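Everything on this sheet refers to the single structure shown next.
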Amino acid sequence: MSVEQIKQFIQSADWESIAVELRPVKDRAGTGNINPFYVFRTFKFSPGDIFECTVINYADAHGKVPLVKIVIKGHNIWRDENAVAAGAQNVDYVSDIAYEVTPLHQGFADAINQAASKDLNKWEVNVMQDIKGKAFPAFGLADGQIYIDYDLIYIYNDLLFMGSKHVDGRAFDKPENRPTNLQIPLTRKK
């Protein structure tokens, strides 16, 4: 598929995880430990290379205890082909419209309140704050930083694949950290 065909295809539906997914993440305490990160993702792509990604993070593998809802809105920048599979494309997800965080569990709100930011209010359950461009140590974001995920997109048999998180928990926060494997696919939202 060409980039234009991929764009048309991903805009033809909303996309979601098949089930709660397991992703490795480095702990932010600097211990080097890799922790499980349970998520359910939804994506919507619109003309003008606009995307909206909603991630619900859970405390458990079955998605019974939601911790936080993250909604990232921004623009895709299409780069070049990725060698993971014929037709895969490198895509940057630039969170330049919004980066909304809503705690869904008191324990999560308490944890992120320990790393206060001058630009944010006290975190409360079910109260959204937009952290775009604001210092947010819990997510490793600095003041003025617009987060970019250096990822990929691949279409196969009516499924939407993106990059798999690195087993060492590295984020896709630098071009050299772009994924080299495929993530569990997303399916058309029902």
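Can you report the number of residues in region 140-162 which are touching a strand residue (DSSP E or B) at 6+ places or on another chain (Cβ under 8 Å), farther than 16 Å from F51 by Cα and either touching a residue at least 60 places away in the same chain (Cβ under 8 Å) or of a type outside the set (A, V, I, L, M) (or both)?
Counting residues in region 140-162 that are touching a strand residue (DSSP E or B) at 6+ places or on another chain (Cβ under 8 Å), farther than 16 Å from F51 by Cα and either touching a residue at least 60 places away in the same chain (Cβ under 8 Å) or of a type outside the set (A, V, I, L, M) (or both) gives 2.
Just name the residue that is nearest to I6 (Cα to Cα) out of those in region 33-71 that are polar (S, T, N, Q) and more than 13 Å from the chain's Cα centre (by Cα).
Looking only at region 33-71, we keep the residues that are polar (S, T, N, Q), and these are 33, 35, 42, 46, 54, 57.
Next, only the ones that are more than 13 Å from the chain's Cα centre (by Cα) stay: 33, 35, 46.
Numbers: N33: 37, N35: 33, S46: 12 Å.
Only one residue tops the list, namely S46.
Which condition does W123 not pass, out of (1) assigned to a strand (DSSP E or B); (2) touching a helix residue (DSSP H, G or I) at 6+ places or on another chain (Cβ under 9 Å), if it passes all the others?
(1)
For P175, are the conditions met, namely being surrounded by fewer than 16 Cβ atoms within 10 Å (Cβ to Cβ) and either at negative phi or hydrophobic (A, V, I, L, M, F, W, C) (or both)?
It is true that P175 is surrounded by fewer than 16 Cβ atoms within 10 Å (Cβ to Cβ) and either at negative phi or hydrophobic (A, V, I, L, M, F, W, C) (or both).
Going through region 1-27 one residue at a time, which ones are modelled with pLDDT under 95, of a type in the set (S, T, N, Q) and assigned to a strand (DSSP E or B)?
none
I'd like to know if region 141-156 contains one or more residues that are over 21 Å from T187 (Cα atoms), modelled with pLDDT under 95 and among the small types (G, A, S).
Yes, that holds for at least one residue.
Only one of (1) surrounded by fewer than 18 Cβ atoms within 10 Å (Cβ to Cβ); (2) touching a residue at least 24 places away in the same chain (Cβ under 8 Å); (3) in contact with a strand residue (DSSP E or B) (Cβ under 9 Å, 6 or more places away or on another chain) fails for Y93. Which number is that?
Looking at each condition in turn, Y93 falls short on (1).
The values are calculated or read from the model by the stated rules, or taken from the named source; none is laboratory data. Just so you know, these numbers come straight off a predicted model, no measurement behind them. Note that we place each Cβ from the backbone using ideal geometry, even for glycine, and neighbour counts take in every protein chain shown.
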